[in-house]
Structure formats: C-alpha cells, structure tokens
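The values are calculated or read from the model by the stated rules, or taken from the named source; none is laboratory data. Keep in mind the model is a prediction, meaning the values are calculated, not measured. In this analysis, Cβ positions are derived from the backbone assuming ideal geometry, glycine residues included, and neighbour counts consider all displayed protein chains. Surface areas here come from the heavy atoms of the whole protein model, side chains and all, with no ligands, DNA or RNA. Shrake-Rupley method; radii C 1.70, N 1.55, O 1.52, S 1.80 Å.
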Amino acid sequence: CRGSNPSYPLRHRSFDKHRSIIMAWRCSGSTNLELCLQLKHNGIVRSGPVEAAFLATDRGHFCPKEVQEFAYEDRPIRHSHVHISAPHIYASALETLELKEGMKFLCFGSGTGYFCTLVGHLVGPTGIVHGIEIYEDVVDFADERRKTYRISNNTEPAASSTESSPDLKATEPVSERKGLAGPSREAREYLEILRKRAIVEPQFIVGNCFKMKTDTNIRYDRIYVAGGAPRSQLETLSAFLEIGGSLVGPFDDCLLRVTRRSETSFSEEVKAQVRFAPLINTVDEISENEERKLEQGTSKDQNSAVHKEIVHAKRRRLRGPTEELKFARLVWTPKLHKRFPLNFRNCVLAILMLQKRGVGIPSTLSRDTWMYIFSFCCRDWFHVKLSEIQLLRNLLEEETRARKEAEARAAKAERDRAMMCALLFQTQCENNPVRSRLLRAVMGLPDDSDDGE
C-alpha cells in the first residue's frame, strides 16, 4: 500500500550505485549472516528470537534479481513497485512489537513478504500472518518468494548451507575478520527450534488497506504499518486491534506504538522520529496524477496512445479486486490440527475422547458429525480472555516499561549532548589557555599549569 513521493529524501527513495555509500547505514554486511551480526553488534537486535528470525530469513531471497547486489546493505531497496525498508527499521519494529507464539499479525503494505516471513518465525505454526498490498504484481512476487522459501526450508531443515538455515560454525571467521561477536546462545537454541518446526505461511491479498472493514475481518494482536500515514487514519487502522493488542507504524513522521486499552480507548507512545514513503490513500492516486500530466501536456509521450493505454492498465491493476477485502478463514481439518491454538486442540481431543468412550453429550453424535462441526468453529472460541484486572496489570507494566525507556533515551540524549558540547569546547580551547583550564576544571582533571608554576 505504499506510494512514491518525490518530496521525500533520497535515502528513502530509489538509489543508484554512485550514491550507495552515502545512503547505507551502519549495519551493512556482505552476507545475510554479517548483516544479522551487525544488527546485533549495534544494539538494534536485542532478543534471541528476533536474532534467530533474521538468521533464518535471507533478505536476498526477497529482493528482485536486479537489486541483489544491495540485498545485505542496511538501506531501503526500491525497484519498480517493490519496496523493502532498511533492515534496522524492521529490526526495531520487531523488537517494539514484542511478538509471541500464537499471535495474530497484520501488515499494512506487506511488500515482498520479507517482514511477514520474519514475523512468521516468531508467532510460530499456531499464529496467523496476514498482509495487504495494493500492487498486484508485488503480491504475485511475494507469493512466489513465499513458496520458494517454504520449499527450501522444509526439504533440508537441518542443512546449514540452505538460505533459511545458516551455518553458525561459519560465524567464527566472520567474527575474527569483522570484530563481531557470533550469534548468542539464545539465538542458536531458537534457531534449532525453527529448523524442526514448520513456520506459518503468510497470506497476502491485493487491495487498499483504508477500504478494509472490521465487521468482515478478524482482530489482530499485533499490526505493523509499513508506510507513512496521516494521523487522521490512525483510528481507522487501530480498529483492527484486539483489546490489549498493539499497532506500530509511522504517522506524521513519528513512529508510534498504539495499544488498545478497551473497545473505545487507546494509548499512544512515540518511539522515534522517522521518514517513510507514504501509503496510497486512494487506489487511483498515481494514475490520476499521470493522466493529469497527459492533459496538461507535461508528459514526454503526451500524444502516445500506447502511453495512455499503460496509464489505464495501471489504474486497473491498482484497483485490485472489486469484492470485499477479507482474508480466507483457516478451516479446521485433521491435517491442520497443529495450526490451531492449544486450547482449541485440547477441546477437540476432549470431545473426541468422550465421544469414543460414550460419555456425556459428545456421545450423542457420530465422529464424522463432530468433524464437520469443528470445521465451522472459530480458532478463538476456546481462547481464555484476560480478566479486567489482568488486562490493567499488563497495561500498567507496559506503561512502566515505556516510561523507563523514555527516561533512558532522555538520559542518553543528555549525555550525548554534553559530550558534543565538550568536544566543541575542546576544539575552541586548543589555542586559549584560559578556556583550556576551565574545561579541565569542569571535567575534574588536574591543571597542567600547576606543574609549571
């Protein structure tokens, strides 16, 4: 659901080889392994599961072949309609979302599916990962990448040479050469778990996220907005949250974390100042701009019938499906039994055991009848909702954590400011003995002039 905006800085738009050094951030590497270690070394990746997710998901697998040379550099990648944010943005988002196994996740502007695949490792086989993207060709690319990734991950789950199963023994030479520490013990253990279990397959649909309706879609525990959106749309997107769920995304150049406290109240937390390419608010936004150029005669091929046909084709492609936007429901079958939450699985097993033993109400129906009934059951029917006291306790812990993080960021900013002021003052004191003595006194250092006296 992202669109291009020429007013945004170059570092968040398309790039070329001559500007690559300027645009790259500090976590770049020559391989996916080096990229992950750099993210950890710079303190962006802090938890073991997030580190393992990056190790298990090769970024190059989700990049178009035309920009493969930039796959492991810490920068946004843009090619045609394909847009992938910088790895440090995704790492910060994953740490902020605090994903857990079994959660339901939605991504507005899912792109090539790279971020959704990372999330799939964290929510596990019992979770749900949905993504909506306005460009049909990008969704086709994401589906193709998803299928390829799934095959390579499941055919050789224990092999260390596949894209999704990196060789951790190879981190030792990398650590020596780059001065980086290898993967943490927690990441290694979680990566072994990922190799043994199947990850949830993301589901993508074509459409405009602002046209989705809450009454025909499920609610989600976590939501990520992959493009800039105005604050006026914050309420629209937050309506898809479960009570206690969180949304992370850029609104008016502020990265916000929004938590749903109740049916009608939300809390907001500003995480950082960011610049994102904006989400497209209307599906015909780009096409109408191009037709306006044609009418005004500003297009290079203003008399070209071929170009006009391309514009109309793009409008049809952007419009997406005319039916209502909703994701396919996961239907229970014995084969998909492990994809459902633990409480759901326990209830199914309990009913089938009672039916087999001829005990209670379950014995009044046949096994095939129960199998048919289970296919109509919602996966959240047997979910135990938190009490109001537990929900308030969780919100209090969340606000306490947010306050401590804000205080830590403020203290760090103050230290950095003091350090910069000291360095600036030091450069001005090199040829001024009075200022030099004042600086040493402020820093608590002995005065060199005392020895001379």
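Take the residues of region 370-419 that are in a loop (DSSP other than H, G, I, E, B) and polar (S, T, N, Q): which is nearest to LEU342 (Cα to Cα)? This residue is SER375. Of the numbered conditions (1) over 25 Å from ALA406 (Cα atoms); (2) open to solvent by less than 30 Å² (accessible area, probe 1.4 Å), ALA198 satisfies every one except a single condition; which is it? So the condition that ALA198 fails would be (2). For the structure I just gave you, tell me whether GLY179 is surrounded by fewer than 17 Cβ atoms within 10 Å (Cβ to Cβ) and modelled with pLDDT of 55 or more. For GLY179, the condition - surrounded by fewer than 17 Cβ atoms within 10 Å (Cβ to Cβ) and modelled with pLDDT of 55 or more - is met.
Candidates in region 375-424 are the residues that are more than 18 Å from LYS271 (Cβ to Cβ) and of a type in the set (S, T, N, Q); of these, the one that is least open to solvent (accessible area, probe 1.4 Å) is SER375. Can you name the residue in region 97-117 that is in contact with a Leu (Cβ under 9 Å, 6 or more places away or on another chain) and part of a helix (DSSP H, G or I) and is also surrounded by the fewest Cβ atoms within 10 Å (Cβ to Cβ) among such residues? Applying the filter and picking the extreme gives LEU97.
Restricting attention to region 118-140, the residues being assigned to a helix (DSSP H, G or I), in contact (Cβ under 8 Å) with a residue 12 or more places away in the chain and more than 20 Å from ILE89 (Cβ to Cβ) number 3.
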